[in-house]
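The structure appears right after this line, and notes come after that.
The values are calculated or read from the model by the stated rules, or taken from the named source; none is laboratory data. The model shown is predicted, which means the values in this text are computed figures rather than measured ones. Backbone-built Cβ (ideal geometry, glycine too); neighbour counts: all protein chains shown.
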Amino acid sequence: MPAYLIAQVAIRDPDTYRAYTARSPAIIAKHGGRILARGGATEVLEGSADNRRVVVVEFPSMEAARAFYNSAEYQQAKEIRTPASEAQFLIVQGVE
C-alpha cells in the first residue's frame, strides 16, 4: 500500500537549503520514492495561512518511507537541512 511523506518547511537560509535539495532526490529514489510536489504554488482553502514550503513524496509503503527517513544518507542530508530550516515531516498511509 502506498505511503506519502509530507513535509512543511520554513526556510531560513536558502543557499544552504539548496545544498540539501540537491542531495535529497537521489536518496528518495534509492528508497523507491517519487516526488509529487516540491515547493510549488499553494493556496489555502480553509484554515490559517501557512507560508511553509510543501513537499509530497510517494513511497511504495510506510516501511519504505521510514527506511528513507532513517537511512544514513538521509540523516547526513538532514544535517545540512536542520540549521537552514525548521520542518515538520509526517507519513500518511495511502489507499488502494
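Side notes on the structure shown:
- Pairs where the first residue, in the stretch 1-15, is farther than 24 Å from Ala29 by Cβ and the second is modelled with pLDDT under 95, C-beta under 7 Å, 6+ apart: Ala10/Arg52
- Those residues of the stretch 71-96 which are aliphatic (A, V, I, L, M), part of a strand (DSSP E or B) and surrounded by 15 or more Cβ atoms within 10 Å (Cβ to Cβ), in sequence order: Ala87, Ile91
- Within the stretch 47-70, the set of residues being more than 14 Å from the chain's Cα centre (by Cα) and not in a helix (DSSP H, G or I) comprises Gly47, Ser48, Ala49, Asp50, Asn51, Pro60, Ser61.
- Among residues of the stretch 24-40, those that are part of a helix (DSSP H, G or I) and either farther than 18 Å from Phe68 by Cα or under 12 Å from the mean Cα position of the chain (by Cα) (or both), counted: 4
- For the stretch 69-96, filtered to residues that are out of contact with any helix residue (DSSP H, G or I) (no Cβ under 6 Å at 6 or more places or on another chain) and of a type in the set (Phe, Trp, Tyr), the residue that is nearest to Gln8 (Cα to Cα) is Phe89.
- Cβ separations smaller than 9 Å between residues 6+ apart or across chains give the following pairs from the stretch 66-88 residues that are under 16 Å from Ala29 (Cβ atoms) to residues that are assigned to a strand (DSSP E or B): Ala67/Phe59; Phe68/Leu5; Phe68/Val57; Phe68/Phe59; Tyr69/Leu5; Tyr69/Phe89; Tyr69/Ile91.
- Val44 falls short on exactly one of the conditions (1) in contact with a Pro (Cβ under 8 Å, 6 or more places away or on another chain); (2) modelled with pLDDT under 95, and that condition is (1).
- Among the residues of the stretch 46-70, those that are among the hydroxyl-bearing types (Ser, Thr, Tyr) and surrounded by 11 or more Cβ atoms within 10 Å (Cβ to Cβ) comprise Ser61, Tyr69.
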